[in-house]
Amino acid sequence: MTNTRGKRRGTRYMFSRQFRKHGPIPLSTYMRIYRKGDIVDIKGTGTVQKGMPHKCYHGKTGRVYNVTQHAVGIIVNKQVKGKILAKRINVRIEHVKHSKSRDSFLQRVKANEAKKMEAKQKGSWVELKRQPQTACVELNLSLYCKYRNKKCELLLQNHAVTL
């Protein structure tokens, strides 16, 4: 049999439900509120064929530009040959969920505002930039290893041992 060229070709595992997640769709899916400007993740659900996104949009993140009773309009970037186009697609809410990509950013903004207010009350200055974690700076050992003016040695395993 030759290569078929159907709309849902190659989606056997893509649109299938997770293990022990078959059956009716939870009501919480329908109770979510979507507003214009929300960032959402697109994930096709095979049990609902209506309003299903094309397989090229599965796993993509976009911004809501239109809200209807049962669906949302989403602007998604799609690469077509050498260009990235902003495509507008309409998808039912069963295939969409709120993205968590901005949660850490918004949490950091809220924490920074609290730090600024506290520093303003004290009349001092506070550092708001993110600082690298210790795992990221493991090569710069002079920051963490000084002990009575002695330099630390970095010991690594030698994986390529010839006998």
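The values are calculated or read from the model by the stated rules, or taken from the named source; none is laboratory data. Predicted model only: the values in this text are computed from it and were never measured. Cβ: placed from backbone, ideal geometry, glycine included. Neighbour counts: every protein chain shown.
General remarks:
- In this entry, Glu94 passes the filter for residues that are in contact (Cβ under 8 Å) with a residue 60 or more places away in the chain and either in a helix (DSSP H, G or I) or surrounded by 12 or more Cβ atoms within 10 Å (Cβ to Cβ) (or both).
- Residues satisfying the stated conditions in the stretch 9-34, i.e. among the aromatic types (Phe, Trp, Tyr) and surrounded by 10 or more Cβ atoms within 10 Å (Cβ to Cβ): Phe15, Tyr30, Tyr34
- Of the numbered criteria (1) modelled with pLDDT of 95 or more; (2) surrounded by fewer than 14 Cβ atoms within 10 Å (Cβ to Cβ); (3) over 26 Å from Arg32 (Cα atoms), the one His70 fails is (3).
- Asn77 of a type outside the set (Ser, Thr, Tyr) and either over 16 Å from the mean Cα position of the chain (by Cα) or more than 30 Å from Leu27 (Cα to Cα) (or both): no
- Scanning the stretch 35-52 for residues that are in contact with a Gly (Cβ under 6 Å, 6 or more places away or on another chain) and either among the charged types (D, E, K, R) or modelled with pLDDT under 95 (or both) yields a count of 0.
- Sub-7 Å Cβ pairs linking a first residue in the stretch 106-134 that is surrounded by fewer than 10 Cβ atoms within 10 Å (Cβ to Cβ) to a second residue that is assigned to a helix (DSSP H, G or I), at least 6 apart or interchain, are Trp125/Ala119, ordered by first then second residue.
- Considering the stretch 35-59, the residues that are among the polar types (S, T, N, Q) and in contact with a helix residue (DSSP H, G or I) (Cβ under 9 Å, 6 or more places away or on another chain) include one that is surrounded by the most Cβ atoms within 10 Å (Cβ to Cβ), namely Thr45.
Matching residues to (1) assigned to a loop (DSSP other than H, G, I, E, B); (2) over 21 Å from Val76 (Cα atoms):
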residue	(1), (2)
Arg5	yes, yes
Met14	yes, no
Gln18	yes, yes
His22	yes, yes
Ser28	no, yes
Lys36	yes, no
Asp41	no, no
